[in-house]
Amino acid sequence: MTRGVRQIVRFNWPFYVLAAAALAIAPLVIARLPVPFAGHALLFAAAGLAGFWVAASLIASWIVYDRSPLMRWDWLPRALGFQPGAWINIHSGLDESTPAVRALFGAAHGRVFDMFDPAEMTEPSIARARLRRPEAATETAETVDFHHLPVATGTIEAALLLLSAHELRTDAARMALFTELRRVLGPGGRVVVAEHLRDAANFLAFGPGFLHFHSRRTWTRCFSRTRFDIHAEFPITPFVRVFVLRRLT
């Protein structure tokens with residue numbers, strides 16, 4: 001299966017078109033440059049590295065989105081350790097998990113929130129992603145302000161942020177969301193955060209593109225400042241990390 005890879009290319013097609021064109025003409029351009037041999041060698045090495053990252057990003061995306069358990073979502077009940085009675089699933093306009101979550105959690109009451117904020121989320125790829133709705137999605141999400149979730153205090157048993165929280169680009173925005181999650185979470189509730197990290201594995205796979213992700217230190221600082229601790233943590237492939245959070249009293 002290559003659906004995940006096709007989706008990555010679709011959302012980021014300008015990058016891949018430009019990269020393919022640049023890699024195709026780079027040898028001709030470099031060979032004609034009036035620079036010493038060492039200069040040519042460095043430029044060819046740079047072009048080779050760029051080509052490696054294009055290929056590596058597609059391979060890593062295939063591993064994560066087409067071959068790993070991530071997008072089957074059947075790891076969620078194990079991560080929570082219980083069947084929630086009420087849950088929320090928060091995304092930024094591309095929701096590929098809700099049908100599976102509803103099936104996994106059965107009769108539990110669930111709500112789906114779209115927290116997209118054009119002032120906060122300015123990446124062109126997210127705008128392209130929002131134009132597409134997965135074929136399996138059968139419901140429309142509630143558009144929400146992540147500063148003020150439309151949920152009563154202490155009424156949610158599970159809050160899911162599945163590859164969506166990194167779209168909040170500032171510390172203040174992330175803290176605002178997690179402060180709200182702490183408010184709506186009931187006793188014994190859990191928050192599940194799945195994210196790529198700004199780490200060595202993602203740098204190897206995505207090159208400078210790994211800067212779109214946040215570091216583990218950034219996430220743990222946000223969790224701590226909003227009075228969550230990490231109840232469990234585990235990888236899904238070397239490229240995605242899952243945090244299961246619980247409220248500190």
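Couple of notes before you dig in:
- Rg/Rg_globular for region 155-245, with Rg_globular taken as 2.2 N^0.38 Å and Rg from C-alpha atoms: 1.07
- Fully extending the segment from Thr143 to Ala38 would add 32.3 nm, taking 0.36 nm per residue of separation and subtracting the current Cα-Cα distance.
- Volume per residue that the Cα convex hull of region 172-215 spans, once the total is divided by residue count, Å³: 76 Å³
- R0 of 25 Å, Cβ-Cβ distance Ala100-Arg216: FRET efficiency to nearest 0.05: 0.45
- Residues Thr140, Thr226 ordered from highest to lowest accessible area at a 1.4 Å probe: Thr140, Thr226.
- Exposure rank, largest accessible area first [Leu58, Leu42, Leu211, Leu177; 1.4 Å]: Leu42, Leu211, Leu58, Leu177
- Heavy atoms of Phe105 accessible to a 1.4 Å probe, total area in Å² rounded to 10: 10 Å²
- Computed FRET value (nearest 0.05) for Leu204 with Arg227, which takes r as the C-beta separation and R₀ as 45 Å: 0.85
The values are calculated or read from the model by the stated rules, or taken from the named source; none is laboratory data. Just so it is clear, the model here is predicted, and its values are computed rather than measured. Counting neighbours? That spans all protein chains shown, and the Cβs are built from the backbone with ideal geometry, glycine included. Just so you know, the surface numbers come from the protein's heavy atoms only, side chains and all, with ligands and any DNA or RNA stripped out. Shrake-Rupley method; radii C 1.70, N 1.55, O 1.52, S 1.80 Å.
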